[in-house]
Amino acid sequence: MAEFNHVFKTYAAPRFTVLPEDELAPDVRAAAQAMQAEHLPRMRALMERWMREELQQPRPERALQRVVARLANEFALWGRDSTGPAQDAAFAQALQTPGMCRPAGGTASELVMRLARLRGLAPDVQRAAVQAEAELLARWGQPRAVSEAEPLAAEDALLQLRATGQAPAVPLPPALALEYLGDGDEARRDPLLATPMLRCAMHQWAGADPAQFRAAMAMQAADVLWADRRQAAAPAGDDSPYPRLAQFLDIRGRVTVMAEVDGAGRVLRVQVVRRAVEVPGVRDARPFAHEAVLELATLARAREMTDWSAAARSGVVTQVEREFDWSLK
């Protein structure tokens, strides 16, 4: 029980905490506090139910890891969910608002950040959008269809700008230019590891629609359980190339990439085109939260491979598709 309590207090409850220093308007703060008071007991009861279910499954000694996997995926489903056209229309307005991604506080929770992104809306539209957020929380643990939209490739767009040196069609916000288009490689950060605030600004700049933006901002398992996405996808050790978080949760599957290979066999660009991922404990829902850890590990392996030369054709950029299989067995 002590480990279960630790999981709830460390990985679940802080994502819905409203702090005194959070920068929210009084009415939105009151709504956030009401959501926190209602959702934390609901989430605790949900996790306890999951624990009872998992203890009845094979390998009950792994029950807590499976509960953790389910918890992470609920965060991802919540991030992608929508109450319908009215909420989408309100959020489309928010995406056109300068400063939408401005921080709400130094350590603002996921709930607070979501509500803060609505601050530029007209009062009546904002009230409806805040109420929609409460409705999404009430769906936790329930079967529901969420958008499977692929995130807009804002990170790739930034990397292309960096590589070409061309001025973007839409000017970059100063924060993005400073972080990702600095004068030297040592000063440039990896857009794949952007903080929530910068990831928000990145996808707003790139022109994401509501579904794409939610897909980009939805929490990954690494965001819930780890400090760094890249470290979560790094090899577990010298004797194990398996990604750390994938090994801990027994994530397995296949990831297919498309690589652009130049005439010398060098990889110019590689991207994921398909994935089929399985996670013990995650049933009746696509494991959105867990796909990225295998994707990042696959992209790293693909870029490190030196045998792409077989696909090279002199003077021609060739597209090559390759499947990577991940299994602990």
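The values are calculated or read from the model by the stated rules, or taken from the named source; none is laboratory data. All values derive from a computational prediction rather than experimental measurement. When we count neighbours, we look across all protein chains shown, and the Cβ atoms used for this are built from the backbone with ideal geometry, even at glycine. The protein model used for the area step is the full one, side chains on, heavy atoms only, and it has no ligands, DNA or RNA in it. Shrake-Rupley method; radii C 1.70, N 1.55, O 1.52, S 1.80 Å.
For Arg230, the conditions (1) modelled with pLDDT under 95; (2) within 28 Å of Ala30 (Cα to Cα) are fulfilled apart from (2).
Are any of the residues in region 107-114 without any contact (Cβ under 8 Å) to a residue 60 or more places away in the chain, under 16 Å from Met219 (Cα atoms) and of a type in the set (Lys, Arg)? I'd like the intermediate steps shown before the answer.
First, the residues of region 107-114 that are without any contact (Cβ under 8 Å) to a residue 60 or more places away in the chain: 114.
Then drop every residue that is not under 16 Å from Met219 (Cα atoms), which leaves 114.
Narrowing the set further to residues that are of a type in the set (Lys, Arg) leaves 114.
Yes - at least one qualifying residue is present in region 107-114.
Out of Arg139, Arg188, I need the residue that is of a type in the set (Lys, Arg) and either modelled with pLDDT of 90 or more or within 22 Å of Leu19 (Cβ to Cβ) (or both). Which one?
Details: Arg188 fails: either modelled with pLDDT of 90 or more or within 22 Å of Leu19 (Cβ to Cβ) (or both).
Just one listed residue meets the conditions, Arg139.
Screening Arg275, Arg283, Arg229 for residues that are open to solvent by less than 40 Å² (accessible area, probe 1.4 Å), basic (Lys, Arg) and within 29 Å of Pro143 (Cβ to Cβ) leaves exactly one candidate, Arg229. Listed by first and then second residue, the pairs with beta-carbon distance under 8 Å, at least 6 apart or on different chains, first residue in region 194-220 and more than 15 Å from Gly79 (Cβ to Cβ), second among the charged types (D, E, K, R) and outside any helix (DSSP H, G or I), are Met197/Arg102. The number of residues in region 215-257 that are farther than 25 Å from Ala13 by Cβ and in a loop (DSSP other than H, G, I, E, B) comes to 4. Screening Glu260 with (1) acidic (Asp, Glu); (2) at pLDDT 90 or above; (3) not in a helix (DSSP H, G or I) gives one miss only, at (2). Scanning region 64-72 finds no residues that are of a type in the set (Gly, Ala, Ser), open to solvent by less than 10 Å² (accessible area, probe 1.4 Å) and part of a loop (DSSP other than H, G, I, E, B). Please specify each residue of region 1-41 satisfying the condition of being in a helix (DSSP H, G or I), over 23 Å from the mean Cα position of the chain (by Cα) and of a type in the set (D, E, K, R). Result: Glu3, Asp27, Arg29, Glu38.
Mind checking which residues of region 73-95 are assigned to a loop (DSSP other than H, G, I, E, B) and either touching a strand residue (DSSP E or B) at 6+ places or on another chain (Cβ under 6 Å) or buried (at least 19 other Cβ atoms within 10 Å of the Cβ) (or both)?
First, pick out the residues of region 73-95 that are assigned to a loop (DSSP other than H, G, I, E, B): 81-84.
Of everything in region 73-95, just one residue is assigned to a loop (DSSP other than H, G, I, E, B) and either touching a strand residue (DSSP E or B) at 6+ places or on another chain (Cβ under 6 Å) or buried (at least 19 other Cβ atoms within 10 Å of the Cβ) (or both), namely Asp81.
Screening Ala149, Ala208, Ala177 for residues that are aliphatic (A, V, I, L, M) and not in a loop (DSSP other than H, G, I, E, B) leaves exactly one candidate, Ala177. Looking only at residues in region 1-59 that are crowded, with 19+ Cβ neighbours inside 10 Å and aromatic (Phe, Trp, Tyr), the one that is farthest from Leu136 (Cα to Cα) is Trp50.
Within region 116-137, identify whether any single residue is surrounded by fewer than 15 Cβ atoms within 10 Å (Cβ to Cβ) and under 17 Å from Leu198 (Cα atoms), and answer yes or no. Within region 116-137, none of the residues are surrounded by fewer than 15 Cβ atoms within 10 Å (Cβ to Cβ) and under 17 Å from Leu198 (Cα atoms).
Ala153 fulfils the conditions (1) of a type in the set (Gly, Ala, Ser); (2) at pLDDT 90 or above; (3) under 17 Å from the mean Cα position of the chain (by Cα) except for a single criterion, (2).
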